[in-house]
Amino acid sequence: MSVDYRKVVRDAALAQHGDPFLALATVDVENAAFDPSAVGDKDTPYPSYGLFQERVKVGRGGLDTPDPDPVRQTQRFFADIFDAIAHGFTGTPGQLAAQVQRPAHPIEYAAAVDALYAKEKAAPVQPVGGSECPPGFHKGLFGACVPDGFVPGGTTPGQAGGKLPTAPGAGETIQPGVNSPGGILGDVTRAATGGLVALVIIAVGLIGVAAIAKGR
């Protein structure tokens with residue numbers, strides 16, 4: 001029976017309270033085949049191993065021996081991610097991954113991770129075992145699992161088909177489809193709801209006026 005290593009990484013990320021999309025996008029750049037037995041840079045003093053292509057760097061702050069276990073690699077990845085954030089790092093998901101993975105070409109690496117990150121966020125996830133969704137997901141249209149908060153019809157660049165809602169910052173103007181929860185669909189829904197409420201208030205007022213007139 002084959003192992004779904006995408007699910008392994010996703011579940012391990014969620015167990016660490018990490019961003020599963022960032023983990024999946026990073027592995028997709030490092031090891032697109034999602035093969036934990038893969039070994040890179042074999043002809044160098046420091047080969048890389050596993051899904052995240054970790055390097056063995058004895059005495060240089062790395063692992064002393066190869067440990068390609070997908071769960072432990074995911075845990076170490078997020079330990080480094082959280083450490084970078086704790087030390088004040090800011091940037092895109094791709095730039096954060098590059099900071100941790102230290103690729104030879106960080107700009108190109110960050111761009112690749114960012115593109116895949118957007119794709120991961122937009123793509124529906126099929127139910128695990130054909131029925132239940134993994135933690136952090138719920139059943140959406142046609143029974144596919146989608147991230148919690150995903151709203152079809154959003155307009156976030158790079159996320160064709162939907163977006164995760166984001167709240168506006170302090171003093172920031174709400175922009176339809178940009179920082180208003182629910183994207184354009186949510187804006188339309190709120191506008192329609194607001195209009196309906198206004199009509200109800202007007203109708204109640206007219207009924208009150210009619211009642212007063214009748215009482216006279």
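The values are calculated or read from the model by the stated rules, or taken from the named source; none is laboratory data. Model, not experiment: these values are computed from the prediction. We place every Cβ from the backbone using ideal geometry, glycine too, and count neighbours over all the protein chains shown.
In segment 10-34, the residue that is nearest to Pro47 (Cα to Cα) out of those that are in a helix (DSSP H, G or I) and among the charged types (D, E, K, R) is Glu30.
With closer than 18 Å to Lys7 by Cα and of a type in the set (A, V, I, L, M, F, W, C) as the only criterion, which of Ala104, Ala86, Ala123 stands out? Exactly one residue qualifies, and that residue is Ala123. Of all positions in segment 38-52, at least one carries a residue that is in contact with an Asp or Glu (Cβ under 6 Å, 6 or more places away or on another chain), part of a loop (DSSP other than H, G, I, E, B) and touching a residue at least 40 places away in the same chain (Cβ under 8 Å).
Is it the case that some residue within segment 107-119 is out of contact with any Pro (no Cβ under 8 Å at 6 or more places or on another chain), buried (at least 20 other Cβ atoms within 10 Å of the Cβ), part of a helix (DSSP H, G or I) and not hydrophobic (A, V, I, L, M, F, W, C)? No.
For segment 53-65, a residue qualifies if it is at pLDDT 85 or above and either loosely packed, with under 11 Cβ neighbours inside 10 Å or assigned to a loop (DSSP other than H, G, I, E, B) (or both), and exactly one does: Gln53.
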